[in-house]
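The values are calculated or read from the model by the stated rules, or taken from the named source; none is laboratory data. Being a predicted model, the structure only gives us computed values, none of them experimental. Cβ atoms come from the backbone with ideal geometry, glycine included; neighbour counts cover every protein chain shown. Each accessible area value is taken on the protein alone, full model and side chains, heavy atoms only, with ligands, DNA and RNA left out. Shrake-Rupley method; radii C 1.70, N 1.55, O 1.52, S 1.80 Å.
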Amino acid sequence: MNDWSSGYVSEVNYTFGYYRELSPLMLEFALLSRQIDFRRGKPMRYLELGFGQGVSLNVHAAAVPGEYWGTDFNPAQAATAQDMADASRADLRVLDNSFAELAARTDLPEFDMIVLHGIWSWISDENRQAIVNIIRHRLAPGGIVYISYNSTPGWSAAMPLRHIMTLHADLASGRAGDMQTRINGALAFAQQVADSGSAYFKQNPHVVERLKKISEQNRNYLAHEYFNADWLPMSFSDVTSLLESAKLSFAASSNLIDHVDAVNLSQEQQELLGKQSNITLRESVRDYMINQQFRRDIWIKGPRRLSAPEQARRLNAMRFVLLSQRSTVPMHVQGARGQAQVQEEVYAPILDELARNNHAPKTFGEIVEALPKIGFGRAAQAILLLVGAGHVSPAQAANVAQEVKPRCQALNKHIIRLSESTADVGVLASPVTAGAVNVTRMEQIFIAALGAGKNDAKAIAKAAWGVLKPQGHKVGKDGKALETDDENLTELASQAKVMLDTRLPILKAAGVV
């Protein structure tokens with residue numbers, strides 16, 4: 001263990017994930033849904049703690065005006081994040097301070113947003129207290145904190161599984177071998193214990209299924225998710241007691257599907273929750289009802305409620321953009337109780353309206369005005385669920401999108417250049433959504449060809465093959481790698497045509513191309 005790592009896995013880097021919950025615009029929309037005011041400073045100041053490879057931090061710094069700070073104690077990850085920041089030239093300060101070091105700094109401004117994804121579950125009590133101190137002294141009045149973490153009771157039954165895996169990784173090999181080898185050994189050993197007829201696994205069959213799913217996941221992700229020295233799923237009430245000392249109050253879940261009780265709770269459960277006036281008790285009971293294992297919480301320093309008319313005014317002015325093909329959007333959403341059907345007579349016209357004019361962003365007020373039979377209330381719930389399901393995104397004002405577009409283009413150029421040799425970063429920055437849009441490595445290579453003036457599928461395929469062939473990369477079809485140049489070019493042309501016909505209008509609407 002490195003002295004500076006404090007037991008946190010540092011020998012393998014974290015994955016290149018993007019987390020839209022950290023987007024300032026998504027956080028504001030979640031609060032607006034709950035009628036909670038958010039006072040953003042001018043310019044907005046934003047801090048991300050434990051940014052990993054820095055993809056989310058860099059996307060948001062490029063796509064949303066403001067002053068951005070971020071720290072991750074791993075210097076290799078900080079260097080990667082700095083490379084992206086240098087490319088976009090966003091107002092971003094990338095640090096490799098520990099949380100204790102950051103808490104001791106005297107040059108930090110007051111922040112409007114402080115965000116941390118997952119890291120809370122993987123650090124020591126001392127580091128959690130350092131985070132609380134940072135929030136207490138560096139969050140502006142009216143500011144918000146986003147924090148996600150493994151939670152109980154959803155993790156309670158599976159905690160012994162993690163224990164036996166880390167025990168094997170630490171003891172069976174004397175920590176010999178690299179991290180991936182030790183993880184593979186720990187997974188195989190846990191499966192052997194399960195197969196031996198262990199009563200624990202017999203009495204918790206869902207843990208066997210969890211082990212199977214874990215075994216299929218990226219090993220770098222598993223190293224950070226399960227094999228740190230510190231790992232602690234926490235109850236909502238325990239998190240509350242820590243954050244209340246920083247003057248925080250719970251505001252909302254950033255998981256927008258959580259905001260609609262009908263798709264998550266039975267009528268009896270809704271009635272029981274409705275009788276709980278204490279927020280901590282209510283949220284805790286809800287966690288038991290859905291067996292919550294991962295919370296995505298927004299906290300606020302000084303909550304203030306919006307009136308219903310003011311909430312409606314702000315919602316009417318907010319723009320939205322459709323990010324999925326209209327024909328692929330299902331008439332159901334996934335809630336805690338499983339799939340919930342939605343009213344097609346409400347959702348279909350809204351989706352049709354959002355798809356009109358090549359997915360051009362539209363204000364909520366424009367949507368309601370175009371569909372008077374649906375009405376404000378039903379349309380608002382539909383937009384909430386469509387955003388929660390990832391088919392629709394809030395969109396920032398057109399003039400702001402235009403202001404940040406050069407930074408997003410510069411960052412995307414850097415990411416696309418990386419895609420020539422790696423599939424690590426599967427997103428591009430969108431000046432419209434103020435976040436990122438999922439774009440595969442192949443799509444990024446196609447976009448590079450478009451930028452070079454290749455406008456038809458065959459020309460794009462030829463340019464893409466010129467990138468892939470020298471690397472020995474062969475295109476797959478029906479589970480098999482294609483062998484000849486002609487076969488690869490034909491398949492690439494087919495994929496390029498699909499991208500031009502279906503994905504390009506969406507990417508253009510999002511300002512990605």
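Tally up the residues in segment 130-169 that are buried (at least 17 other Cβ atoms within 10 Å of the Cβ) and assigned to a strand (DSSP E or B), please. Total satisfying the criteria: 11.
Scanning segment 64-77 for residues being open to solvent by less than 10 Å² (accessible area, probe 1.4 Å) and not in a loop (DSSP other than H, G, I, E, B) gives a total of 4.
For the residues 257, 214, the requirement of being assigned to a helix (DSSP H, G or I), buried (at least 17 other Cβ atoms within 10 Å of the Cβ) and touching a Gly at 6+ places or on another chain (Cβ under 6 Å) singles out 257.
Residue-wise test of (1) among the aliphatic types (A, V, I, L, M); (2) in contact with a Pro (Cβ under 8 Å, 6 or more places away or on another chain); (3) within 23 Å of residue 398 (Cβ to Cβ); (4) in contact (Cβ under 8 Å) with a residue 12 or more places away in the chain.
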position: 35; (1), (2), (3), (4): no, no, no, yes
position: 84; (1), (2), (3), (4): yes, no, no, yes
position: 89; (1), (2), (3), (4): no, no, yes, yes
position: 104; (1), (2), (3), (4): yes, no, no, no
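Just so you know, in segment 385-426 the residues that are assigned to a loop (DSSP other than H, G, I, E, B), aliphatic (A, V, I, L, M) and modelled with pLDDT of 95 or more include one that is least open to solvent (accessible area, probe 1.4 Å), and it is 425.
Among residues that are surrounded by fewer than 23 Cβ atoms within 10 Å (Cβ to Cβ) and modelled with pLDDT under 95, residue 451 is included.
Of the residues 90, 61, only one is surrounded by 19 or more Cβ atoms within 10 Å (Cβ to Cβ), among the small types (Gly, Ala, Ser) and in a helix (DSSP H, G or I); which? Unique residue meeting the criteria: 61. A residue that is more than 27 Å from the chain's Cα centre (by Cα) and assigned to a helix (DSSP H, G or I) can be found somewhere in segment 371-384.
Listed by first and then second residue, the pairs linking a residue in segment 258-283 that is touching a residue at least 24 places away in the same chain (Cβ under 8 Å) to a residue that is open to solvent by 70 Å² or more (accessible area, probe 1.4 Å) and not β-branched (Val, Ile, Thr), with Cβ atoms under 8 Å apart and 6 or more places separating them unless they lie on different chains, are 259/34; 260/381; 263/337; 264/337; 265/337; 266/337. Does segment 9-49 hold any residues that are farther than 25 Å from residue 77 by Cα, open to solvent by 50 Å² or more (accessible area, probe 1.4 Å) and modelled with pLDDT under 95, and which are they? Within segment 9-49, 39, 40, 42, 43 qualify. Taking the criterion of being open to solvent by 30 Å² or more (accessible area, probe 1.4 Å) and within 19 Å of residue 22 (Cα to Cα), the residues of segment 93-110 that qualify are 93, 110.
Restricting attention to segment 170-209 and to residues that are loosely packed, with under 15 Cβ neighbours inside 10 Å and of a type in the set (A, V, I, L, M), the residue that is modelled with the lowest pLDDT turns out to be 176. Checked against (1) under 30 Å from residue 237 (Cα atoms); (2) touching a residue at least 12 places away in the same chain (Cβ under 8 Å); (3) of a type outside the set (Asp, Glu), residue 339 passes all but condition (2).
Would it be correct to say that residue 52 is at pLDDT below 95 and either surrounded by 20 or more Cβ atoms within 10 Å (Cβ to Cβ) or not in a loop (DSSP other than H, G, I, E, B) (or both)? Against the criterion (at pLDDT below 95 and either surrounded by 20 or more Cβ atoms within 10 Å (Cβ to Cβ) or not in a loop (DSSP other than H, G, I, E, B) (or both)), residue 52 qualifies. Restricting the search to segment 111-127, which residues are crowded, with 19+ Cβ neighbours inside 10 Å, out of contact with any strand residue (DSSP E or B) (no Cβ under 6 Å at 6 or more places or on another chain) and part of a helix (DSSP H, G or I)? Scanning segment 111-127 gives 119, 122, 127.
What number of residues within segment 456-493 satisfy the criterion of being in contact with a strand residue (DSSP E or B) (Cβ under 6 Å, 6 or more places away or on another chain) and farther than 15 Å from residue 443 by Cα? Show your work before the answer.
So in segment 456-493, the residues in contact with a strand residue (DSSP E or B) (Cβ under 6 Å, 6 or more places away or on another chain) come out as 474, 491.
Next cut, farther than 15 Å from residue 443 by Cα only: 474.
Residues in segment 456-493 being in contact with a strand residue (DSSP E or B) (Cβ under 6 Å, 6 or more places away or on another chain) and farther than 15 Å from residue 443 by Cα: 1 in total.
Cβ-Cβ distances below 6 Å connect the following pairs, each with a first residue in segment 12-33 that is within 17 Å of residue 438 (Cβ to Cβ), a second residue that is charged (D, E, K, R), and a separation of six or more residues or different chains: 16/424; 21/296; 26/20.
Evaluating residue 309 against the criteria (1) over 20 Å from residue 260 (Cβ atoms); (2) touching a residue at least 12 places away in the same chain (Cβ under 8 Å) leaves one unmet condition, (2). A residue that is out of contact with any Gly (no Cβ under 6 Å at 6 or more places or on another chain), within 24 Å of residue 147 (Cα to Cα), open to solvent by 50 Å² or more (accessible area, probe 1.4 Å) and not in a loop (DSSP other than H, G, I, E, B) occurs somewhere in segment 332-348.
Note on segment 305-322: among residues that are open to solvent by less than 50 Å² (accessible area, probe 1.4 Å), outside any strand (DSSP E or B) and touching a helix residue (DSSP H, G or I) at 6+ places or on another chain (Cβ under 6 Å), the one that is farthest from residue 430 (Cα to Cα) is 315. Restricting 271, 283 to those that are surrounded by fewer than 19 Cβ atoms within 10 Å (Cβ to Cβ) and of a type in the set (Asp, Glu) reduces the list to 271.
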